[in-house]
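Trainee: Here you go, one structure.
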Amino acid sequence: MRTASGLFTLLVLAACGGGDAPATDESAPPAEAAPAGPVTMADFAGTWQNTTMLEGTPDPVASVTEGSADGADWTMTLEGRDPIALTASMSGDSLVLVTEPYESILRDGVTVTVRTAGVLVDGRMVGTLVATYQTPDGEEIVRGTIEGVRGGM
């Protein structure tokens, strides 16, 4: 009984014991402030110079996306091509862009639809994409990444 009582006392003292408060590191940077509010289409509006890397493709593909704050007028332009209409929407903090079907610049005579989802990171737009090719053998899905910086053509 004496052992059980002593053990109980030690447990109570350990649980209630204050000890010194942990030291703070004065040189540590302050915690980041919470975002000003939810990300909106207006945060993405403007012109973006993009670099896309597709799985299985050694060279990046350059494009320019342009869009309005209300999401009504978004386009993607590939070098030497007319602008391609995009459907723009928001999903959480991501801008989701979907092209209309167009002839691939990587595969002659093959139609492709591209869907991207990008977020803002340090003033850049970074994200993923899914290209759906309509080949003679059926649909083929190719994944990739996209990174954009603000700026004109």
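Trainee: Name the pairs whose Cβ atoms lie under 9 Å apart, with the first residue in the stretch 95-111 and more than 12 Å from Met76 (Cα to Cα), the second β-branched (Val, Ile, Thr) and part of a loop (DSSP other than H, G, I, E, B), and 6 or more positions between them or separate chains?
Mentor: So the pair list comes out as Leu95/Val39; Glu103/Val110; Ser104/Val110; Leu106/Thr57.
Trainee: Would it be correct to say that Ala88 is at pLDDT 95 or above and either closer than 21 Å to Ile141 by Cβ or not in a strand (DSSP E or B) (or both)? So that I can check it myself, show each step before the final result.
Mentor: Values: at pLDDT 95 or above: yes; either closer than 21 Å to Ile141 by Cβ or not in a strand (DSSP E or B) (or both): no.
It is false that Ala88 is at pLDDT 95 or above and either closer than 21 Å to Ile141 by Cβ or not in a strand (DSSP E or B) (or both).
Trainee: Within the stretch 112-153, count every residue that is in contact (Cβ under 8 Å) with a residue 60 or more places away in the chain and in a loop (DSSP other than H, G, I, E, B).
Mentor: Residues meeting the conditions: 3.
Trainee: Could you check the stretch 51-74 and list, in sequence order, the residues that are within 19 Å of the chain's Cα centre (by Cα) and either over 21 Å from Val39 (Cβ atoms) or exposed (fewer than 12 other Cβ atoms within 10 Å of the Cβ) (or both)?
Mentor: Thr51, Thr52, Met53, Leu54, Glu55, Pro60, Val61, Ala62, Ser63, Val64
Trainee: Among the listed residues Thr128, Thr99, Thr113, which satisfies the condition of being buried (at least 18 other Cβ atoms within 10 Å of the Cβ) and either over 14 Å from Ser63 (Cβ atoms) or of a type in the set (S, T, N, Q) (or both)?
Mentor: Thr99
Trainee: Please state which of the following conditions Val98 fails to meet, knowing it meets all the rest: (1) more than 13 Å from the chain's Cα centre (by Cα); (2) under 15 Å from Leu54 (Cβ atoms); (3) in a strand (DSSP E or B).
Mentor: (2)
Trainee: Please tell me if Asp43 is under 17 Å from the mean Cα position of the chain (by Cα) and at pLDDT 95 or above.
Mentor: So Asp43 passes the test.
Trainee: Among the residues of the stretch 65-80, which ones are in contact with an Asp or Glu (Cβ under 9 Å, 6 or more places away or on another chain) and of a type outside the set (S, T, N, Q)?
Mentor: Listed by number, the residues that qualify are Glu66, Gly67, Ala69, Asp73, Trp74, Met76.
The values are calculated or read from the model by the stated rules, or taken from the named source; none is laboratory data. Remember, it's a predicted structure, so these values are computed and weren't measured experimentally. Cβ: placed from backbone, ideal geometry, glycine included. Neighbour counts: every protein chain shown.
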